[in-house]
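The values are calculated or read from the model by the stated rules, or taken from the named source; none is laboratory data. What you see is a predicted model, and the numbers here were worked out from it, not measured in a lab. Every residue, glycine as well, gets a Cβ built from its backbone with ideal geometry; the counts of neighbours run over all protein chains shown. Each accessible area value is taken on the protein alone, full model and side chains, heavy atoms only, with ligands, DNA and RNA left out. Shrake-Rupley method; radii C 1.70, N 1.55, O 1.52, S 1.80 Å.
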Amino acid sequence: MSPWEEAIVATEVGLAAVILAGLLLRGHWRSCWSFALYLTSFVVLETVTLLWPGRFFRLDFWLAKEAIEGLLKLAVAFQIAARLFDRLPTARLTFAWAFLTGLLAIAIAVAPTIGADVETMASTALPRLLYGTMLIFAALLSVCLWYHVPLYPIHKAVLVGFVPYLVAFTLVLQILQTFGWDVRRMANYLNTVAFISLLAFWARAAWRRFIPSDVSPIVLSVLQPWVRARRA
């Protein structure tokens, strides 16, 4: 790992830690604990890579890390949907079909690569997983917009941030698949810019104080009961 790569990883870990601190101190983690778990896994896995690069700065570990984080991203989408649509049965059913369809599409797309070498998994299976995950987040955001569901600030930040980043990350992996690992430096640069921008956006959202919504407090107390105590 070069000094430049170490600096990038340290910056990303630092920003993720800042987000976690904001979620904990502002109490936002209660609205989506799976998001806090995703950030925690990122901090832990990237930290061990930074501290012991000889052992963990390898393609197989990176692939395993991305697979773990990919599953946690799906958990984030599921929990946000469960929160938002708990008392909206029509919206809940609409997203449930989209979520199950997305999971089935991911399984069908990834299944042929099971057992392949690490390079194939990284260049083929991972982009398919991320593309399917991006579509699930996009479907969740679309359902919220279609049914005019008021979004809790952290939920909105997660959805608005994840969709464009996952598109960018998938594009980076497609570049690697098309041109090979010779363009790894350029691909890493594109992904770094996108991911650090995402983390900075989340850090700002995590540390913001609660902003009253334009939606009626009565409506919010029904749709977002998990924040009722914090408003009291």
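Spatial offset of the range 29-58 relative to the range 106-153 amounts to 20 Å, using the alpha carbon center of each. When the solvent-accessible area of the chain is split by element, carbon and sulfur atoms take up 69 percent of it, the probe being 1.4 Å.
Annotation: per residue accessible area for the chain equals 52 Å², rounded to a whole number [probe 1.4 Å, protein chains only]. Calculation over all alpha carbon pairs of the range 3-223 in 10 angstrom steps from 0 returns a P(r) of 8, 31, 36, 19, 6, 1 percent. Each peptide in 40-48, 124-132 was scored by the mean count of other Cβ atoms within 10 Å over its residues; highest first, the order is 124-132, 40-48. Ordered from longest to shortest, the equivalent ellipsoid semi-axes for the range 102-158 are 31, 12, 6 Å, each the square root of 5 times a Cα gyration tensor eigenvalue. Label-to-label distance, A82 versus A200, with points set 7 angstrom from Cα along the beta-carbon direction: 3.4 nm.
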